[in-house]
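What follows is one structure encoded as structure tokens, with my remarks underneath.
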Amino acid sequence: MNEQTGFQGMTALVTGASSGIGAETAYGLGSRGAFVLIHYHHHQDGADEVLQRIRDASGDGLLLQADLNRMEGVHGLIEQVRKTGRAIDILVNNAGSLIKRTRFLEFTEDLWNQVLTLNLTSAVFITQAVLPQMVERKKGFVVNISSVAARFGGGLGALAYSTAKGALSTFTKALAREFAPYGIRTNAVSPGTIDTNYHRNFSKPEALEACAAATPMGRIGKPEEIADVVVFLCSEGARFIQGQVVEVNGGFLMV
Ligand SMILES: NC(=O)c1ccc[n+]([C@@H]2O[C@H](COP(=O)([O-])OP(=O)(O)OC[C@H]3O[C@@H](n4cnc5c(N)ncnc54)[C@H](OP(=O)(O)O)[C@@H]3O)[C@@H](O)[C@H]2O)c1
């Protein structure tokens, strides 16, 4: 694919694009011509840096801020997208977090709802908001960022997160079935362990070393190795890929 013109004329919305996988995905799409709506929560500096990298590659974009732990924030983001006046061609539902490692018996209803809202419900309703215009134009791409945790239940304390990611993978398939006839391709990428802030916040270095040792490729992944797959899924080369959850984990889990 031509670096400059692959997504020319398209608008992408990438949630959680201020760091890690989302940042590299926003750059991957923006540097190939898409106008990128770069959503962030706390780290405006990270989002600014992504926009600068895209501009340095002759692309452009816009920053949008919202807390997706709660439905007010989800509705706020949908409203901000509407106000841009842009129809979304590529939606990457990437924002996600454990929020707090918590054993099952310690879960409060509020924390459970926050984890589910951030990792599942926000993606559902952002997708619902942008789909009608994709249907109208008979073209669009939705990529959900799931997790290897959806396959094996996740590490201890990640129960709500892995449950949400399992549902996000299932949502991907159901959505693909309903909207494939309208020219929309919906897929998910399921990363293994990737070197991002996520692990700086929630994992001990020993756990990451053990994960690398248990991976046939002998290392954990880099965020751009997930972004490249998202970009591919939105490209012409992936035109017959529909409703799949693509596992990208260096062989850690083979399904
Ligand atoms: N790293 C891994 O090993 C791994 C494995 C499987 C799946 N994933 C998934 O990959 C996605 C990206 O994670 P990452 O590894 O790239 O981690 P990351 O670097 O920590 O990025 C997380 C992104 O989500 C945003 N975010 C977090 N809480 C939010 C909230 N309450 N409202 C709105 N946005 C929020 C963050 O925004 P701010 O920084 O601006 O606050 C950031 O942009 C997540 O869905 C994660 O579950 C990661």
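Of the residues making up the stretch 226-249, those that are within 16 Å of LEU91 (Cα to Cα) and among the polar types (S, T, N, Q) are SER235, GLN242, GLN244.
Quick grid of which residues meet (1) surrounded by fewer than 18 Cβ atoms within 10 Å (Cβ to Cβ); (2) farther than 13 Å from SER147 by Cβ; (3) within 14 Å of the ligand (Cβ to nearest atom):
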site	(1), (2), (3)
GLY192	no, no, yes
ARG200	yes, yes, yes
MET217	yes, yes, no
VAL231	no, yes, no
GLN244	no, yes, no
GLU247	no, no, yes
PHE252	no, no, yes
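Restricting the stretch 118-152 to residues that are among the β-branched types (Val, Ile, Thr) and part of a helix (DSSP H, G or I), which is surrounded by the fewest Cβ atoms within 10 Å (Cβ to Cβ)? The extreme case among them is VAL135. Whenever a residue of the stretch 205-228 is over 29 Å from LEU29 (Cα atoms), its partners that are among the aromatic types (Phe, Trp, Tyr) and open to solvent by 60 Å² or more (accessible area, probe 1.4 Å), lying with C-beta atoms within less than 9 angstrom and at least six residues away or across chains, give the pairs CYS211/PHE252; ALA214/PHE252; PRO216/PHE252. Each residue in the stretch 107-155 was checked for being within 19 Å of the chain's Cα centre (by Cα) and among the aromatic types (Phe, Trp, Tyr), and 2 of them qualify.
Give the residues of the stretch 173-190 that are open to solvent by less than 50 Å² (accessible area, probe 1.4 Å) and among the hydrophobic types (A, V, I, L, M, F, W, C), sorted by residue number. Selection gives LEU175, ALA176, PHE179, ALA180, ILE184, ALA188, VAL189.
So, restricting to helices (runs of 4 or more DSSP H) that lie completely within the stretch 1-117, which ones have at least 2 residues that are within 13 Å of the ligand (Cβ to nearest atom) and touching a residue at least 40 places away in the same chain (Cβ under 8 Å)? Write out each step before concluding.
Working: elements: 20-30, 44-56, 71-84, 109-116.
Ranges flagged: 20-30, 71-84, 109-116.
Look through the stretch 137-175, keep the residues that are of a type outside the set (A, V, I, L, M) and without any contact (Cβ under 8 Å) to a residue 24 or more places away in the chain, and return whichever of them is nearest to ALA238 (Cα to Cα).
Within the stretch 137-175, the first condition is being of a type outside the set (A, V, I, L, M), and the residues that meet it are 137-141, 144, 146-147, 151-155, 157, 161-163, 165-166, 169-173.
Retained after the next criterion (residues that are without any contact (Cβ under 8 Å) to a residue 24 or more places away in the chain): 153-154, 162, 166, 170.
Values: GLY153: 29, GLY154: 29, SER162: 27, GLY166: 23, THR170: 20 Å.
This residue is THR170.
Please go through the stretch 218-255 and give me each residue that is polar (S, T, N, Q) and closer than 23 Å to PHE7 by Cβ, ordered by number. Result: SER235, GLN242, GLN244.
Is it true that GLY155 is assigned to a helix (DSSP H, G or I) and either surrounded by fewer than 24 Cβ atoms within 10 Å (Cβ to Cβ) or modelled with pLDDT of 95 or more (or both)? The answer is no for GLY155.
The values are calculated or read from the model by the stated rules, or taken from the named source; none is laboratory data. Worth saying up front: this structure is predicted, and the values here are computed from it rather than measured. Because the Cβ atoms are built from the backbone with ideal geometry, glycine has one as well, and the counts that use them run over all protein chains shown. Just so you know, the surface numbers come from the protein's heavy atoms only, side chains and all, with ligands and any DNA or RNA stripped out. Shrake-Rupley method; radii C 1.70, N 1.55, O 1.52, S 1.80 Å.
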